[in-house]
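Written out below as structure tokens is the structure these notes cover.
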Amino acid sequence: MFDSKDIEKSPIKELVSENYVFAAVLHYFGISFFQYEHNSLFEVCKKFKINSQQLIDELESWAKIKEPTSEELYLHPIEVLVSYLKRKHYFFVRQELPFLSNMISGIKVEEAYNGILGDLRIMFPLFVDDFIHHIHEEESKLFNRIKLLHQIEADEYRLNDALLILEKSPVSLFSEAHDAHDDEMEGIRKLTKGYFLPEDAPISMKVLYNELQVFEKELSVHAQIEDHLLFPKAIELEKEVLRKIKKKIRNN
């Protein structure tokens with residue numbers, strides 16, 4: 001539990017230094033932490049008409065978030081896995097990418113960091129566009145393909161139509177295309193020299209580099225779940241549905 005009285009008196013810079021997650025929680029409430037580093041939490045909450053206890057409760061809630069392990073996800077049927085991946089897509093697009101974009105475009109620090117911020121302001125929007133396109137393509141093609149397989153399995157298509165659908169655009173094609181996106185943040189990682197900063201770097205830059213690194217790790221885990229769980233399950237589902245349809249056609 002957090003002591004709300006102590007937190008309210010503390011400067012934003014101090015709170016964020018102790019726990020970088022606080023920066024993301026502030027963003028969730030519409031507050032850019034780097035603009036109010038020297039203000040106390042009480043002052044910022046008063047300015048934005050936010051109940052400080054609500055903000056602290058949200059921080060506690062974020063601290064308790066526990067992602068399922070690959071083993072736990074493996075035990076669930078494919079539709080549960082797809083639902084989990086869709087929720088992660090939504091979180092990436094609605095929370096994490098806007099948070100990172102807001103920092104990259106808004107942080108103002110000493111001249112030594114102007115060059116890297118300038119490069120990030122060019123590179124990151126391109127990455128975001130490509131990433132969102134990748135998500136939309138994945139949901140419109142792969143996730144819809146899985147939905148289609150379930151519909152065929154539930155006899156929602158005539159047998160000959162189902163066979164034509166099954167033999168067109170197999171899951172394996174999506175799997176091959178997906179491999180090309182498995183290291184989407186390579187350019188940003190190289191630009192930031194592996195997210196390295198000197199010890200005396202401004203706290204806003206430390207939070208930015210940390211959040212970029214956390215996001216990259218999340219993307220890596222996300223890609224592994226898709227590569228090692230989703231695609232194998234989808235390919236097996238496709239094979240089984242195709243086998244059943246061919247058997248039904250032979251028996252008719």
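Odds and ends about this structure:
- Checking the stretch 158-166 against the condition returns no match, with no residue being under 27 Å from PHE22 (Cα atoms) and either of a type in the set (Lys, Arg) or surrounded by 18 or more Cβ atoms within 10 Å (Cβ to Cβ) (or both).
This table checks each residue for (1) open to solvent by less than 50 Å² (accessible area, probe 1.4 Å); (2) touching a residue at least 40 places away in the same chain (Cβ under 8 Å); (3) under 23 Å from PHE91 (Cα atoms).
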{"position": "PRO170", "(1), (2), (3)": "yes, yes, no"}
{"position": "MET185", "(1), (2), (3)": "yes, yes, yes"}
{"position": "LEU197", "(1), (2), (3)": "yes, no, no"}
{"position": "GLU218", "(1), (2), (3)": "yes, yes, yes"}
{"position": "HIS222", "(1), (2), (3)": "yes, yes, yes"}
{"position": "GLU226", "(1), (2), (3)": "yes, yes, yes"}
{"position": "LEU229", "(1), (2), (3)": "yes, yes, yes"}
{"position": "GLU238", "(1), (2), (3)": "yes, yes, no"}
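- ILE122 closer than 26 Å to ILE78 by Cα, exposed (fewer than 15 other Cβ atoms within 10 Å of the Cβ), among the β-branched types (Val, Ile, Thr) and within 22 Å of the chain's Cα centre (by Cα): no
- Of all residues in the stretch 1-60, those satisfying the criterion of being over 20 Å from MET103 (Cα atoms), open to solvent by less than 50 Å² (accessible area, probe 1.4 Å) and in a loop (DSSP other than H, G, I, E, B) are SER10, ILE50.
- No other residue among GLU236, GLU184, GLU240, GLU226 is among the acidic types (Asp, Glu), in a helix (DSSP H, G or I) and within 21 Å of the chain's Cα centre (by Cα) apart from GLU226.
The values are calculated or read from the model by the stated rules, or taken from the named source; none is laboratory data. Predicted model, so just to flag it, every value in this text is computed and none were measured. Backbone-built Cβ (ideal geometry, glycine too); neighbour counts: all protein chains shown. Please note that ligands, DNA and RNA were not included when accessible areas were found on the heavy atoms of the full protein model with its side chains. Shrake-Rupley method; radii C 1.70, N 1.55, O 1.52, S 1.80 Å.
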